[in-house]
1. Arranged by the count of other C-beta atoms within 10 angstrom, fewest first, what order do 583, 166 take?
2. Tell me the label-point distance for the pair residue 369, residue 107, using the 7 Å Cα-to-Cβ offset, in nm and rounded to one decimal.
3. When the chain is fully extended, how far beyond the present Cα-Cα distance does residue 83 get from residue 240, taking 0.36 nm per residue of separation?
4. Going by how many other beta carbons lie within 10 Å of each one, how would you line up 87, 245, 416, fewest first?
5. Going through the cross-link list 293/416; 495/620; 41/167; 265/434, which pairs have a Cα-Cα distance over 25 Å in this structure?
6. Taking amide H positions as placed 1.01 Å from N in the peptide plane, with prolines and chain starts having none, which residues 5 or more places from residue 277, or on another chain, fall under 5 Å of its amide H?
7. In bins 5 Å wide, starting from 0, what share of all Cα pairs of the stretch 234-320 does each bin hold, as a percent?
8. If each residue's Cβ is checked for other Cβ atoms within 10 Å, how do 704, 685, 555, 577 rank with the fewest at the top?
Amino acid sequence: MEDKAGCCESPTVTSDRNKEPDGLVFRIEGMDCAEEIAILKQTVGPLVGGEGHLSFDLLHGRMKVLPDAGQVSIREIQKAVSRTGMKATLLETEKVRNHDQDRPWQSLFTLLSGLSLAAGLGWHLYEAGSLDQVLALFAGHKEEVHWPEKIAFGMTIVFGAPWVVTKAGYALLRLRPDMNLLMTLAVAGALALGEWFEAATVTFLFALALTLERWSVNRARRAVTSLLETAPDTARMRLENGEEKQVPVTSVPLGARVIVLPGEKIPVDGRVVAGESSVNQAPITGESVPVTKIPGEEVFAGTLNGEGVLEITVEKTAADTTLARIIRMVEEAHERKATVEQWVERFARIYTPVVFLAALLVWVGPPLLLEATWQVWFYRALVLLVIACPCALVISTPVSIVAALASSSRQGILVKGGVYLERPAVLKVMAFDKTGTLTCGEPAVERIVPIGADESSIVALAAALEKHSTHPVAEAFRRQAEMLKLSPPLAESVKTIAGRGVTGQIAGKTFWLGSIRFATEHVESWPKDIQISRLEQEGRTLIALGSDHQLLGLITLTDNPRPEAATAMERLRQLGIRPVMLTGDRQTVAEHIARQIGIEEIYAGLLPEAKVQLVEELTKRFRHVAMIGDGINDAPALARAEVGIAMGAIGSDAAIEAADIALMSDDLLHLPWLIRHARRTLWIIRENIAFALGVKAVFMGLAIMGQATLWMAVAADMGASLLVVANGLRLLRSKR
């Protein structure tokens, strides 16, 4: 027969990566524990050039083949996964987000297993006529079991074992024992010994543990994926003929007009062109109070319109909205594991084989050395292995991290991964940029000192040179020109000199605008009546304007501290954090702001590279240092600090990209909340680790002494898993 594989063969990972630059994502059915991840790394890793080309999201049941993986077809990957007893389904981007891992059949079968066990116990009570004999079953005493009970207990095993037995078979074929194989052997051994009740109880409890664990994990997952339901699927777009039409939000083009009625969610990022209303921006910024929006104001997809009708011009497509970027950040955050999470995984890799070796010694040691009974010590070894399962230890950490990330996003704080969530817990110093971070970032023109030109010309020239700049000072010049109804001339060949100023050509003449230090490089002599030192001592920001070597005038600006800045600095000090100011502004201006908000350590007159050097010096002195800035001018310092935090990151792609953590609003009080939240997260994770290991240590001792049964071991393991997961989910309730 002719080979037709060439026309229908699954494409390779390389060809797909041309369409998916972030790699391929597979849904893995049956990936419930770190043990399955280890199996997938061992099986799929060699196909893609090593396990380093794979990443896993246990909570969402996903495996990603990274873009730099070797060439391999999707079908080969799926076949390799199927050999492990799991199933891989390639997910499109939109399907990844809408995927739900709930298993209704698993819950139904677990319920039927429990009902069958209850029926068997009921019949035993009926036959025995005494509750004491029923309790004797749980105590491990041998009790006679009649055939109706055997049928009921057998149905308990049939309904509770399907998922376990399937994985156990594949584990046996791979000669890699896991928890599923262990539970299957334990049940089979109990049946061989005639312990029908114990076999049924172990099966039901293990099935119940898997079901409840999945329910708990789904709760953490839904806390994150609830973000996906924030934005509507359709938008009311105004057509060119004036009519309104409901269209999918993904088909709304840039520049289109969208109408949002009262009580509706805003479907796109854009700017209000007509109407006035209050908008609840809590899903994006964490602000609890609605914000009034008027023409010219920016609005964001996923926020809730209040009482008015808004007409909005679309400025970003559905795939590029602030909400879409938040969702991508939250999804990608799961792949950046915290240090403690990585430690738990490394510990589990060593812990599991050590426990298997210990169980083997428990089984063969006493019979060989002390002539003890093989059957008794084999049973104790099985109990030891069941209680030693590391699932409770491994699952608790990612659940806690995801719950903490979800809680942070609700507050308008985007953390790019668990590794960046734990770092604020150990911070000693927070270095703050001044303009736009500690201050409102909207300096206003206070005074104009004409020297070689009149006031109107000075404002017009300054606005012309700063026409395309996004710096807050530039916006102050443009606002002043608009207020005076001036039309700035055209500036050409404009060049920005970082940290100093700007130069450009206007009507064939060279003009410059910048700091006093920048002006001294151009002006040979200063007018004697200009009292620069007095203006600087008053905390004013001075900007000089000139042409060639001539000074044309001075502009004084003011920028007030944020209303919450002083409170935020005091709370940080109470948490043991040392606030430091790093600014490119003059010492006198920096001191003026610092006095108002309570910062004692100030470094002024810094260029961007000098800020990086200061961050490095602070890191050498205090080790754990964070940099807080606007994410654009301060990007080098943000990247150098142990934790880079972007303030007011709404609408700023650069801010989100540069920082490890992005505060989606301008509220400095988010920072002390973040510190407390990070510390609480680490404390809960450590609680979980200590509790899980403590429970296991106690029951291991009981198992060796023969005081624990198989069903007790399963119950203890199940209880430990559920308790640590529930403890981690408490982080969802973290509020300001």
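Any read-out appearing in this document is the output of simple, stated calculations on the displayed coordinates, not a laboratory observation. The model shown is predicted, which means the values in this text are computed figures rather than measured ones. So basically every Cβ, Gly included, is an ideal-geometry build from the backbone, and we count neighbours across all protein chains shown.
1. 166, 583
2. Between residue 369 and residue 107, the label points sit 5.0 nm apart.
3. That pair, residue 83 and residue 240, stretches by 50.8 nm at full extension.
4. Least to most surrounded, the residues fall as 245, 87, 416.
5. 293/416; 495/620; 265/434
6. Long-range HN contacts for residue 277: 293.
7. Values per bin, smallest distances first: 3, 17, 29, 27, 17, 5, 1, 0.
8. Taking fewest neighbouring Cβ atoms as first place, the list is 704, 577, 555, 685.
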